[in-house]
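What follows is one structure encoded as C-alpha cells, with my remarks underneath.
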Amino acid sequence: MPLALLSALAEPTRLGAIQILADGQEHCVCQLMTRLDASQSRMSRHMQTLKQAGLVVDRRDAQWVRYRMNPDLPGPACAILEAVLEAAETEQRKAA
C-alpha cells in the first residue's frame, strides 16, 4: 500500500489535486481542472489513479463527478499522506 500511495502522489497534477482536496471539502472535476490547468480527460485519468490508490472517493452529481479525500483512509496511509503534504508545502514555501 505505501508504494501505491507514493506512486500516485509522485505525479505533480495528482499531488496538486490532493493538496486541493486536503481542505476537507468536495470538489468537482471542473474546479480541479481550472485550478490545475488540466483538460477534463487528463484530470479524470489522474483522479481515477488517486481513487484506485484509495486516496479519494467520488460521487456523481448530475453530469459532474465530485471528489473528496477518502474518510476511511487507514492510519498508516494517513501518516504517509500527511508527510507528503507537509513536504510539498515546505518545498513550495522555499520556491516562493
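The values are calculated or read from the model by the stated rules, or taken from the named source; none is laboratory data. The structure presented is a predicted model; accordingly, all values stated were derived computationally and were not measured. Reconstructed Cβ throughout: ideal geometry from the backbone, glycine too, with neighbour counts over all protein chains shown.
For region 62-80, which residues satisfy the criterion of being without any contact (Cβ under 8 Å) to a residue 40 or more places away in the chain, surrounded by 11 or more Cβ atoms within 10 Å (Cβ to Cβ) and among the hydrophobic types (A, V, I, L, M, F, W, C)?
Across region 62-80, the qualifying residues are W64, V65, L73, C78, A79.
Looking at R59, is it among the basic types (K, R) and crowded, with 16+ Cβ neighbours inside 10 Å?
Details: among the basic types (K, R): yes; crowded, with 16+ Cβ neighbours inside 10 Å: no.
Judged against the criteria, R59 is not a match.
Among the residues in region 42-50, are any touching a strand residue (DSSP E or B) at 6+ places or on another chain (Cβ under 8 Å), outside any helix (DSSP H, G or I), among the hydrophobic types (A, V, I, L, M, F, W, C) and at pLDDT 95 or above?
Filtering region 42-50 for residues touching a strand residue (DSSP E or B) at 6+ places or on another chain (Cβ under 8 Å) gives 44, 47, 50.
The next check asks that each one be outside any helix (DSSP H, G or I); those that pass are none.
Looking for residues that are touching a strand residue (DSSP E or B) at 6+ places or on another chain (Cβ under 8 Å), outside any helix (DSSP H, G or I), among the hydrophobic types (A, V, I, L, M, F, W, C) and at pLDDT 95 or above, one finds none in region 42-50, hence no.
Say we look at region 28-50 and pick out the residues that are surrounded by fewer than 18 Cβ atoms within 10 Å (Cβ to Cβ) and touching a residue at least 12 places away in the same chain (Cβ under 8 Å); which of these is nearest to M69 (Cα to Cα)?
C28
Here's a check for you: in region 1-13, which residue that is of a type outside the set (G, A, S) and closer than 16 Å to E91 by Cα is surrounded by the fewest Cβ atoms within 10 Å (Cβ to Cβ)?
Of all residues in region 1-13, those of a type outside the set (G, A, S) come to 1-3, 5-6, 9, 11-13.
Restricting the remaining residues to those that are closer than 16 Å to E91 by Cα gives 9, 11-13.
On the way: L9: 22, E11: 13, P12: 11, T13: 17.
Among residues in region 1-13 that are of a type outside the set (G, A, S) and closer than 16 Å to E91 by Cα, the one surrounded by the fewest Cβ atoms within 10 Å (Cβ to Cβ) is P12.
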